[in-house]
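The values are calculated or read from the model by the stated rules, or taken from the named source; none is laboratory data. Since the structure is predicted, the reported quantities are computational estimates derived from the model, not experimental observations. Virtual Cβ from ideal backbone geometry, glycine too; neighbours counted across all protein chains shown.
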Amino acid sequence: MQAFEYASPTTVKEAVDMLSSKWGEVDILAGGTDLISLMKEYLHTPRRVVNLKGIKELGGIQKTGGGLRIGATVTLDELAENSTARSEYQSLVRAALGVSSPQIRNMGTVGGDLCQRPRCWYFRQGFGILGQDKSGASLVVNGENRYHAIFPQPPAYFVSASSLGPALIALGAKVKIAGPSGSRELPVERLFVAPRDSSSREIALASNEILTEVIVPSARGVRNTTYEVRQKEALDWPLVSASVALRMKGSTVTNARVVLGHVGPTPVTAAEAEKALAGKALTQETATEAGKAAVAGARPLTGNTYKVQLARIAVQRALLEAVKLRG
Amino acid sequence: MPNYNWPPMDQRQQMGKRQSRLDGIEKATGRARYSSDLNRPGMLFAVMLTSPYAHARVRSIDTSAAQKLAGVTGIRTIVKAGDEVNWVSQEIAIVAATSEQIARDAVRLIQVDYEVLPHVVKEENLAKAGNRARPAGEQVTGDPDKAFKEADVISEGQYGIPVLTHCCLESHGQVIEWRGDTIYFYPSTQNVSGIGPDLAKNLEVPATQVKVHMDHVGGGFGSKFPSDRWGIECARLSKESGGRPLKLFLDRATELSIAGNRPSAFAKIKVAAKRDGTITGWESTSWATGGMSGGGMPPIPYVMTNIPNRRLNHSAVQTNGGPLRAWRAPNHPQASFLTCAAVEDLAAKLGMDPLEVFAKNVQWAPEARRETYLHQFKKAAELSEWSKRWHRRGDSGPGTVKRGMGVGICTWGGAGHLSNCKATIHPDGSVEIELGSQDLGTGTRTVITQVAAETLGLPLDAIKVKIGDNSYPPSNASGGSTTVGGVSSSTRIATSNALEKLFEKVAPAWNTTADKLEAAGGKIQVKGDSSKSLTWAAASKKMGVQSITEMGQNDPKNPRGLNTQGVCGVQIADVSVDVETGVVKMNRLVAVQDCGLVINPKLAEGQVAGACIMSICGALMEERIMDAATGRVLNPEMEFYKLAGIGDIGEILVHMDIRPEMDSRGVIGLGEPPTIGGIAAIANAVANAIGVRVPVVPLTPDRVLAALEEKRSA
């Protein structure tokens, strides 16, 4: 780890002033579950680290105007234990619990989950966010890509590591972002971007901005859940996940949101599956059809065709699970 | 001469008891100090620079910038210009500094110019190995061609098991201090008595100068015998710094890349059999790698070594990966998997119960073991509810979750190693037992204490056991399941000898001789005459001021019936497979295991349960993943180098095969055997569940789904 200057401001404004207009110079510390390892591997070598945990306004979960406001430094454990989340936002709770070690849930934050770097092993070994050799050729495409994207956005083949992202997108959530010229809001689906070159980032924040909170609209009457296909119960990443949010009239789906996780450089909205469900009763058959529609556009790599099936099954199972829930 | 024989089974007071490990509380509370916990005054830290390339020639190394960094106290280069490096993370240079952080920064300032050379890091496909594959020459026994021609049925399959690393929780390393003429060496080792001489030889100093101490070791599994390049260089750096203590423990990535691995094994296997399941012929073409040395042929056909007609071909494939080291039952888990998978596939082809086929072919196992296997098959079947749960391959009913059962077997030696023990009885009655041995977490301390207490007729807390220091009488390294037989026998002999001397001091007062006395219940007494009895403390006072110190040796050439070798073991796995996701869940793993006289059934069961967990990891999730293009290990961490957690292991049911006829054989080692059969059992259970063989372990969702897909399209 390269030596760095440590700052622990108490207001968002102070924190923003401490950031840099260039990526790489200053890093933001919340739970530290990702940043510390990035620094130990010299993948991030900031000259300054700005701790957000001392900023009170970034904490807490509040009900607001029918929805939920979740502070960026709320831990995954706090989210999973929150009574409103537990009664109304099953998909968020399931996704948070899927971060499968109590230690990480106790330290890791909601903001950190959204802003963490990918787990792509080529990135983690120093071959850049796109996993390229010196000539710029992708190491992923002809290499070991069993955990990589089946919905790649070339030249990006990694998968977004965010557990909450797909659930938040399905629920229609927004993030609030503070920067030098004030704050702005962004739908969560626009927070995630596929980098076009090795110097770009995978989130739509500027280097001098801070994700301060997540605003989730009311999910009353919205049946929502997250289904993860995971190989291990213990510390592990899901192989794929599907988050769904269904508005229903009787047994008929009036509006469906279906978002896949761990399948692309960003969470992937399965628009075809959403269309396939609209106006239909949710049955084993329509769930199966929706699963197929969700992966119709998949373009797996040499070693991850199996993830197409996993994504299909995840969608199918998430839908069948959601429909059993109280609306 | 004292009678060294173990006391009869029904008369033991301490041995055979389900005693919890004596250092359990110390370990559970974190008070136990591992060598990696040591921090000495004025200590320096060392970090190694390692190769980023799998194969390269070093053109030049420039350490000048690193030398100038404040806090750096020494740098040594391990390779020189012109040298070739042959695997990623191979040692290049080492830096000592006043903090680990400075050492890490300094390592990054060392400039190495490499000429990158071509590498090969993968071996799954033998056809692609080219001249890296070195055939060992064909071995033929009997007439395999005739056997296959006359066979009622021929079963063929291809199987593979990848390279694993040892993944010790406490990585390799040491604290070392070369002060004056003396080297104080605090390693993490399986070899307390032997590592000092090894280091001395490498440093070209007399072995008398090396003092070794280690209280606990956080995992070795066969990978922690030598002093290692990093130990040798750290000793030199300590000396060069004027004798300051120096600490280096490998970081996780280096640990998984170069501190040892279990070689892979791949094989195409053909089995000839009669309609009743009797195997008549075996043909295999196998290959393996464990780095630049390739990988040896696992002992196949496993256990059924006397299958009459055999043709074996094997190639060692040289790859640019870190070097292999012994891995808990070297080559046996591979052999068990390859063999048991082939037998299970044969049974499936015949439509037979695999337990019946195994039982039929026990005739090809060494004669002395046949009855034990048959007994253990029966016991394991009973504990796993085999007759209720087993079904024909693939006949697992409707639904997306399929349940299946499978069997795996093991064998091992486990004779006691050369071990010396010193037993001292002091005039105040206190007892010290000293051995230059080590407790790998297996319970060696506890077992030594139980044997000493048994022999001296004392409670456990009356015995002070001292191990982990090379000033104690030497015991061999703990490898190959040799420790328990060695240390229990040497302790038995030493304590018996010391007791004999105490008897000699006490006997005259009762006008009798030493051979008429016994030690029991904390007393020394005349056998059969309770009126002539002294408490242990009162008896010890008869020594005056002179302590009694006696030696005992387990001589492997003459173990006096105290220990022996040769065990069996049967494991049965019960799994559920989600055929839509390919995810395999353990329901239960039953392990039936003998190891002769069991000194502590509770610790023995713990040892077997730990081995079962290793098998579950190896069967379902654990593998070293190499990158063909970069030659890197892609998962040298604990994230994608996947290991099971509590939620992944299901129920583990251990049955120690303790019977009088087993007990009378003497003590036999237990470290290796229970690690062997589990992978085979689990892989066979998955085949049974889903109706098709998944040829290569670990049985990850991608491999399970691929096998199902192949079955569908066949």
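A compact table of results
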{"quantity": "Qualifying residue in the range B:633-641 (condition: within 14 Å of chain A (Cβ to nearest Cβ) and either in contact with a Cys (Cβ under 9 Å, 6 or more places away or on another chain) or part of a helix (DSSP H, G or I) (or both))", "calculated": "yes"}
{"quantity": "Top-ranked residue in the range A:187-204 [being under 14 Å from the mean Cα position of the chain (by Cα) and not charged (D, E, K, R); ranked as surrounded by the fewest Cβ atoms within 10 Å (Cβ to Cβ)]", "calculated": "A:PRO187"}
{"quantity": "Matching entry among B:ILE649, B:ILE690 (being of a type outside the set (Gly, Ala, Ser) and either touching a Lys or Arg at 6+ places or on another chain (Cβ under 6 Å) or away from chain A (no Cβ under 14 Å) (or both))", "calculated": "B:ILE690"}
{"quantity": "Subset of the range B:59-99 that is under 17 Å from B:GLY231 (Cβ atoms) and among the charged types (D, E, K, R) - its residue that is nearest to the other protein chains (Cβ to nearest Cβ)", "calculated": "B:GLU91"}
{"quantity": "Any hit, the range B:299-310, residues being of a type in the set (A, V, I, L, M), outside the structural domain of B:ARG370 (by TED's automatic domain parsing), more than 20 Å from the chain's Cα centre (by Cα) and not in a loop (DSSP other than H, G, I, E, B)", "calculated": "no"}
{"quantity": "Number of positions in the range A:227-262 that are in a loop (DSSP other than H, G, I, E, B) and either more than 14 Å from every other protein chain (Cβ to nearest Cβ) or over 18 Å from A:ILE150 (Cβ atoms) (or both)", "calculated": "7"}
{"quantity": "Qualifying positions in the range A:270-327 - in a loop (DSSP other than H, G, I, E, B), of a type in the set (Ser, Thr, Tyr) and away from chain B (no Cβ under 14 Å)", "calculated": "A:THR283"}
{"quantity": "Neighbours by Cβ (under 6 Å, 6+ apart or cross-chain): first from the range A:211-232, within 21 Å of A:LEU282 (Cα to Cα); second aromatic (Phe, Trp, Tyr) and part of a loop (DSSP other than H, G, I, E, B)", "calculated": "A:ALA219/A:TYR89"}
{"quantity": "When residues of the range B:592-615 are limited to those that are of a type in the set (Val, Ile, Thr) and part of a helix (DSSP H, G or I), the one nearest to the other protein chains (Cβ to nearest Cβ)", "calculated": "B:ILE613"}
{"quantity": "Any chance B:ALA136 is surrounded by 19 or more Cβ atoms within 10 Å (Cβ to Cβ) and outside the structural domain of B:LYS349 (by TED's automatic domain parsing)", "calculated": "no"}
{"quantity": "Qualifying strands (runs of 3 or more DSSP E) (wholly inside the range B:59-123; at least 1 residues being out of contact with any Gly (no Cβ under 9 Å at 6 or more places or on another chain), over 23 Å from B:GLY321 (Cβ atoms) and modelled with pLDDT of 95 or more)", "calculated": "B:72-77, B:111-116"}
{"quantity": "Whichever residue in the range B:656-682 is within 21 Å of the chain's Cα centre (by Cα) and part of a helix (DSSP H, G or I) and, among such residues, is farthest from B:ILE616 (Cα to Cα)", "calculated": "B:PRO673"}
{"quantity": "Residues of the range A:75-94 classified as under 22 Å from A:ILE210 (Cβ atoms) and within 15 Å of the chain's Cα centre (by Cα), total", "calculated": "4"}
{"quantity": "Within the range B:616-626, tally of residues that are part of a loop (DSSP other than H, G, I, E, B) and touching a strand residue (DSSP E or B) at 6+ places or on another chain (Cβ under 8 Å)", "calculated": "4"}
{"quantity": "Residue within the range B:58-80 that is surrounded by 14 or more Cβ atoms within 10 Å (Cβ to Cβ) and in contact with a His (Cβ under 8 Å, 6 or more places away or on another chain) present", "calculated": "no"}
{"quantity": "B:THR675, sole failed condition from (1) closer than 30 Å to B:SER257 by Cβ; (2) touching a strand residue (DSSP E or B) at 6+ places or on another chain (Cβ under 6 Å); (3) buried (at least 19 other Cβ atoms within 10 Å of the Cβ); (4) more than 14 Å from chain A (Cβ to nearest Cβ)", "calculated": "(2)"}
{"quantity": "Evaluation of A:TRP121 against (1) of a type outside the set (Val, Ile, Thr); (2) touching a residue at least 40 places away in the same chain (Cβ under 8 Å); (3) closer than 21 Å to A:LYS307 by Cβ; (4) not assigned by TED's automatic domain parsing to the domain that holds A:THR73 (one fails), failing number", "calculated": "(2)"}
{"quantity": "Residue match in the range B:656-665 (condition: surrounded by fewer than 24 Cβ atoms within 10 Å (Cβ to Cβ), polar (S, T, N, Q) and either away from every other protein chain (no Cβ under 14 Å) or touching a Leu at 6+ places or on another chain (Cβ under 9 Å) (or both))", "calculated": "yes"}
{"quantity": "For B:GLY582: the one exception among (1) within 8 Å of chain A (Cβ to nearest Cβ); (2) under 30 Å from B:LEU117 (Cβ atoms)", "calculated": "(2)"}
{"quantity": "Matching residues, the range B:567-582, being in contact with a Ser or Thr (Cβ under 9 Å, 6 or more places away or on another chain) and either among the hydrophobic types (A, V, I, L, M, F, W, C) or not assigned by TED's automatic domain parsing to the domain that holds B:GLU605 (or both)", "calculated": "B:VAL567, B:CYS568, B:ILE572, B:ALA573, B:VAL577, B:VAL579"}
